[in-house]
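The values are calculated or read from the model by the stated rules, or taken from the named source; none is laboratory data. Here the structure is a predicted model, which means the values were calculated and not measured. Neighbour counts are summed over all protein chains in view; Cβ atoms, including those assigned to glycine, are modelled from backbone coordinates with ideal geometry. When the accessible area is computed, the model is the full protein with side chains, heavy atoms only, and any ligands, DNA or RNA have been set aside. Shrake-Rupley method; radii C 1.70, N 1.55, O 1.52, S 1.80 Å.
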Amino acid sequence: MSALLPVYDRDLVLVKGKGSRLFDDQGRRYLDFAAGVAVNGLGYGDRKVLAAIREQAAALIHASNLYHTPVVSRLAERLTKLAFPSRVFFSNSGTEAGEAALKFARRVGQPQGRFELVAFERSFHGRTMGTLSLTWTAKYREPFEPLVPGVRFCPWNDLDALAGALTPQTAAVFLEPVQGEGGVRVASPEFLRGVARLCRESGALLVLDEVQCGLGRTGRLFAYEHAGVTPDILTLAKPLGAGLPLGATLVREELVCAIRSGDHGSTFGGNPVAAAASMAVLDRLTAEGFVQDIARKGDTLLRGLRTLARRHAQIAEVRGLGLMVGVEFRGEAGAVVKGLRERGILATKAGDTVLRLLPPLVVKRSEIRELLAALDALLTEGKGA
């Protein structure tokens, strides 16, 4: 482990998983409420995902984007049918999907002199230089400044501020329908609809970042469906590849004429094995009742947490949508994460004071009750925030 760069603070060695459970190198079992930071939507060891990976790996692992491969073409067609009329660029991660969106937005806006970008306070769009420029938190930005110029930040859920930030030079507005790293903050439907309206009126593109909140996580296939809006550009990743590296940037069909061969590229993006795994993921997500059950399980989790909030003064607020939930504490959330781990449950933080809960989408109701009982016991003992 010492050969790794120390850019992560970690001490747990995981060796295998099954369902919503993980196992470490000492044989200890954990209930996973992190899901690889929302990546392992179908949990661990899904038989159809594994079968798809094995079959495609035996046929063709990689050919590059100099050529078509059938499974990648099928995946692109399927995504556009599920989302909106568009064309797809495949990459390897969420930050790459966001980087592509930034480039495409500027490419579309270039003839009109549009290059400025607008994002929101507490936003997190990635760690490459472009997406980092759209990320609000100072601790991520400041060590690498100067970043890409022409970015403005607006307060969350504030349409008046956004209206004042848009100019004839604005190429796009970047927004997460549910902010993840920013503390699990849900954009109200009214706000999303207002942002879409202001973008239309100003000529700016609406780019929705659903890297973490998309693909069933909020109880809808796409989080933007809660507000009834349609973006100009959509970014997806995390659960898309079932744990294999895969990102996607969907560009509205009417905008595609502005993009030329050579404007962007990726050697590994749209890897056939990852695409095959993704087809298995989409099969599950589009199965009758699957996404609706995510919404119901999310309601169970949120109700349980709000009951705990009435019982424990340490909890300041519970917020979320579907199985993307944040519990804000009056103190540091790190102690809660540590205490849950000691009780055999893995979770993450979203900022200093927010416990972020991102279980696999296949989490069982009994496992949600297990999490609630553990958190209740932890706070009762006074070992939490």
Q) Dipole of the chain, Cα-centred, from +1 at each Lys and Arg C-beta and -1 at each Asp and Glu C-beta, to the nearest 20 debye? A) 820
Q) Separation of segment 93-115 and segment 266-316 by C-alpha centroid, Å? A) 28
Q) Where in the chain are the DSSP H helices whose C-alpha atoms run 27 Å or more along the long axis and whose mean Kyte hydropathy is at least -0.5? A) 290-311
Q: With a 1.4 Å probe and every protein chain kept in, tell me what percent of the accessible surface of the chain is carbon plus sulfur.
A: 52
Q. Rounded to the nearest 0.05, what FRET efficiency do Thr380 and Ser64 have when you use their Cβ-Cβ distance and R0 = 45 Å?
A. 0.20
Q. Quick one: Cα centre-to-centre distance for segment 234-249 and segment 1-39, in angstrom?
A. 20
**Q.** Accessible area, probe 1.4 Å, largest first, for residues Arg21, Arg152
**A.** Arg152, Arg21
Q: Classify segment 1-147 as rounded, prolate or oblate, taking a ≥ b ≥ c as the square roots of the eigenvalues of its Cα gyration tensor: rounded when a/c is under 1.5, otherwise prolate if a/b is larger than b/c and oblate if not.
A: oblate
(Q) Show me the ranking of peptides 181-193, 206-218, 104-116 by mean Cβ neighbours inside 10 Å, starting with the highest. (A) 206-218, 181-193, 104-116
Q: Sketch the reach of a paramagnetic label on Arg74 as a point 7 Å from Cα along Cα-to-Cβ, and name the residues of segment 284-303 whose backbone nitrogen lies under 15 Å away.
A: 284
Q: Take the Cβ-Cβ distance between Leu82 and Val256 as r, set R0 to 22 Å, and report the resulting FRET efficiency rounded to the nearest 0.05.
A: 0.75
Q | Additional length obtainable on full extension of the chain from Arg29 to Glu342, 0.36 nm per residue less Cα span | A | 111.6 nm
Q. Local charge sum around Pro359 (other residues, Cβ-Cβ under 9 Å, Lys/Arg +1, Asp/Glu -1)?
A. -1
Q: Can you find, among Thr135, Phe120, Ala105, the residue farthest towards the positive end of the dipole of segment 62-175? Put +1 on the C-beta of Lys and Arg, -1 on that of Asp and Glu.
A: Ala105
**Q.** Under 16 Å, Cα to Cα: Lys pairs in the chain, sequence gap 8 or more or different chains
**A.** 6
Q: Taking only protein heavy atoms into account and a 1.4 Å probe, give the accessible area per residue of the chain in Å².
A: 45
Q) Which distance in nm do the two modelled labels at Leu159 and Val7 give, with both placed 7 Å along the Cα-to-Cβ direction? A) 4.0
